[in-house]
1. What percent do you get for the relative contact order of segment 252-316 when only Cα pairs under 8 Å and 6+ apart count?
2. Quick check on the chain: helices-only [θ] at 222 nm, where DSSP H runs of length 4 and up contribute -39,500 (n - 2.57) each and the sum goes over total residues. Nearest 500, please.
3. Pop the C-beta distance of LEU187 and LEU222 into the FRET formula with R0 = 35 Å and round what comes out to the nearest 0.05.
4. So which lysines pass the test for LYS92, namely a Cα distance under 18 Å, with those fewer than 8 places away in the same chain ruled out?
5. For the pair ASP277 and ASP100, what calculated FRET efficiency results from E = 1/(1 + (r/R0)^6), where r is the Cβ-Cβ distance and R0 = 25 Å, to the nearest 0.05?
6. Tell me, rounded to the nearest percent, the portion of alpha carbon pairs in segment 153-255 spaced more than 15 Å apart.
7. To make sure I understand the rule: partners must be lysines, Cα under 23 Å from the Cα of LYS305, and not fewer than 8 residues away in the same chain. Which ones qualify?
8. Length gain on complete extension for the stretch ARG31 to ARG247, per 0.36 nm per residue less the alpha carbon to alpha carbon distance?
Amino acid sequence: MSEALMKAALCRRYGPPEVFETGEAPRPAPRDDEILVRIHASAVTASDTYIRGFKLPLKVHIPLRLAMGIFRPRKVVQGIVFSGVVESAGPKTQRFSLGDEVYGMTGFHLGCYAEYVCSKDADSPRRGCIAAKPKSLTHEEATAAAYGGLLALGVIERGNPRPGNAVFVYGASGTTGTIAVPYLAQLGTEVTAACSEENRDFVASLGAAKTLNYADEASVNLLEDYDLVLDCVGKHKSSPLREELNRRYGEAILSIDDGSMQLLSPRLDRIRTTVDDGGLRPTVDRVFPLEEIGTAHAYVETLHKRGGVAIRMIDG
């Protein structure tokens, strides 16, 4: 019997976005404790671009190289975010049934730039998390909710903001920031958000009371006192405004680079409730077909996106 195949984006070497090619890969078969998901949408995240190009901080470069492939990717099919429909479930699974809409992340298991992916029914540090998809979202929006939502929830929970707190969000127009800003506004905090000049009106529409252009040196003089400073873009992004925040708040800044993301299904459930019951809606900037995965990666690396960038596997 011939091996079942599926359409996938293949990455056989580390490098620029052009390393991707569209082809076929073996279709995964779920184990007894796994769920097979027919992927409707995936995403291109900053994490994906780092993995593809292996542009990682020195402190994690060697251990991750050993884990993910020293000379070339051990996992040819990359991608860490998925949203889709349960195709089948192993006999030891309990949470989902055929036809359920689900979303989640695969962690270092990767495999989401393809038509199918397997996910464990129970949470696993290496295999990620899975939960019922928010009913009010498209599959493309669900990918932004999973990635940006888990990161945003991580830094916000660590800060434990209270109504009336003054909160500064650096990197407010990215996948994480576009969820953090409205979530913080719903909590009753006063949000000051840093973004590019062209995104100030957009970020204000998300709930920011004040906006600053991070590229304008004059913005440094507009900084006030804040109860909480959140970095929603990563420590490697620098500007005069960021440097001043570092000087004033130092280690008190809560960053998505500090291990904020916890791949736990109950957290995805909490995001779903916040979305469906609270009206929070993630932002998706652009949607690309799988055949344009390289173009999508190149676009994310321009650092000019608003919210998330999705890969559509199936229409609808």
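Readers should treat all values here as calculations from the given coordinates under stated rules, not as data from a laboratory. Quick caveat: nothing in here was measured; it's all calculated off a predicted structure. No Cβ is skipped: glycine too gets one built from the backbone with ideal geometry, and neighbour counts run over all protein chains shown.
1. Reported as a whole number, the value is 32 percent.
2. Theoretical 222 nm ellipticity from helices: -8500 deg cm²/dmol.
3. 0.90
4. Cα-Cα hits under 18 Å: LYS120.
5. Calculated value: 0.80.
6. Details: 2868 of 5253 pairs.
That tail contains 55 percent of the Cα-Cα pairs.
7. Excluding near neighbours in sequence, the set is LYS55, LYS210, LYS235, LYS237.
8. Details: separation 216, 0.36 × 216 = 77.76 nm, distance 5.11 nm.
Separation in residues times 0.36 nm, less the Cα-Cα distance, equals 72.7 nm.
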